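Novice: Questions regarding the structure given below will be posed in turn.
The values are calculated or read from the model by the stated rules, or taken from the named source; none is laboratory data. Note that the structure is predicted; figures quoted are calculated from it, not measured. So basically every Cβ, Gly included, is an ideal-geometry build from the backbone, and we count neighbours across all protein chains shown. Just the protein is used for accessible areas: all its heavy atoms, side chains included, with ligands, DNA and RNA removed. Shrake-Rupley method; radii C 1.70, N 1.55, O 1.52, S 1.80 Å.
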Amino acid sequence: MFKLLRRVVGLAFAGFAPLVAANPCVSGSLQDYIDLLAGCEVGATTFANFFVAPGQSGATPIDPTLIDVAPGGSVSDPALVFTFDANAVGVELFEAFFHYSVAAGAGVALNGASLALSGASASGLGAVTAVQDLCLDGTFQGGVPLDCTGTPLTLIAFAIDGDSGNDSALFANASLVDVFVDFVVDGGLFGAAALGSGTSQYATTASTPVPEPPTLSLILLALAAAAGLGRRTRSAA
């Protein structure tokens, strides 16, 4: 009886393994991350679907081969660190505008995000800004962060002459976060700006997975069949 139960339950879960497994995230360029087929993992969290989007008019795009990306944080608070080492003087304006997605693994949910700048400074009319748009359990439509199907959130980090700030937010458990992030180094008309790196970090929490309806039905059917077999065995005795 129990062999039959194990066999039916095993068949119920067969086919639910991922077809393509992501490798652990390693240091590389943003272009290397764009070239990843299955994305990469930090703990149980998968970062994938990287691509560069059109930026603002008049800005010089930062070459993705010159942007270093490294995993950071921890298993429960995974992060990606983007290193630019970009400097703008006077009317110079540099930008890195790109997309990626964050997916929680089995038994884990995403419930927070933060955006922080490091090595960012500005003088005069210069400014460094980072704007990160997040769509929870949905996707942005098109090449710009518009028409999000989930609840959108925006994080803003900045550095100007005499002031700076980072940003963070908590949200209800989500299995997927779609992200557009825009890093801008602007020298202004009369000034200068510099950006060392920016860190996008995510908070995770344990979640209780609910079996898919077909899987749950097969498990209940197996239990009912096992119970019926037990009753017939006792009656025959």
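Novice: Please give, to one decimal in nm, the separation of the simple spin-label points placed at Thr65 and Thr205, each 7 Å out from Cα toward the Cβ.
Specialist: 4.4
Novice: If I take R0 = 30 Å and measure r between the Cβ atoms of Val75 and Gln141 in this structure, what FRET efficiency does the formula 1/(1 + (r/R0)^6) give, to the nearest 0.05?
Specialist: The pair Val75/Gln141 has a calculated efficiency of 0.40.
Novice: Any idea how far apart Ile156 and Leu189 come out in nm if each label point goes 7 Å out from Cα toward Cβ?
Specialist: Modelled inter-label distance: 2.2 nm.
Novice: Rounded to the nearest whole Å², what accessible area per residue is found for the stretch 26-151 with the 1.4 Å probe?
Specialist: 43
Novice: Follow-up. Calculate the spin-label point distance for Val91 paired with Thr149, positioning each point 7 Å from the Cα along the beta-carbon direction, and give it in nanometres.
Specialist: Output for this residue pair reads 4.4 nm.
Novice: In addition: How charged is the neighbourhood of Asp85? Take every other residue with its Cβ under 14 Å from the Cβ of Asp85, and add Lys/Arg as +1 and Asp/Glu as -1.
Specialist: Every neighbour counted, the sum reads -2.
Novice: Once R0 is set to 22 Å, what does the formula 1/(1 + (r/R0)^6) return for the Cβ-Cβ distance between Ser164 and Asn23, expressed as a FRET efficiency to the nearest 0.05?
Specialist: Efficiency computed from Cβ-Cβ geometry: 0.05.
Novice: In the neighborhood of Gln132, defined by Cβ-to-Cβ distances under 10 Å, what is the net charge if each Lys or Arg adds +1 and each Asp or Glu adds -1?
Specialist: -3
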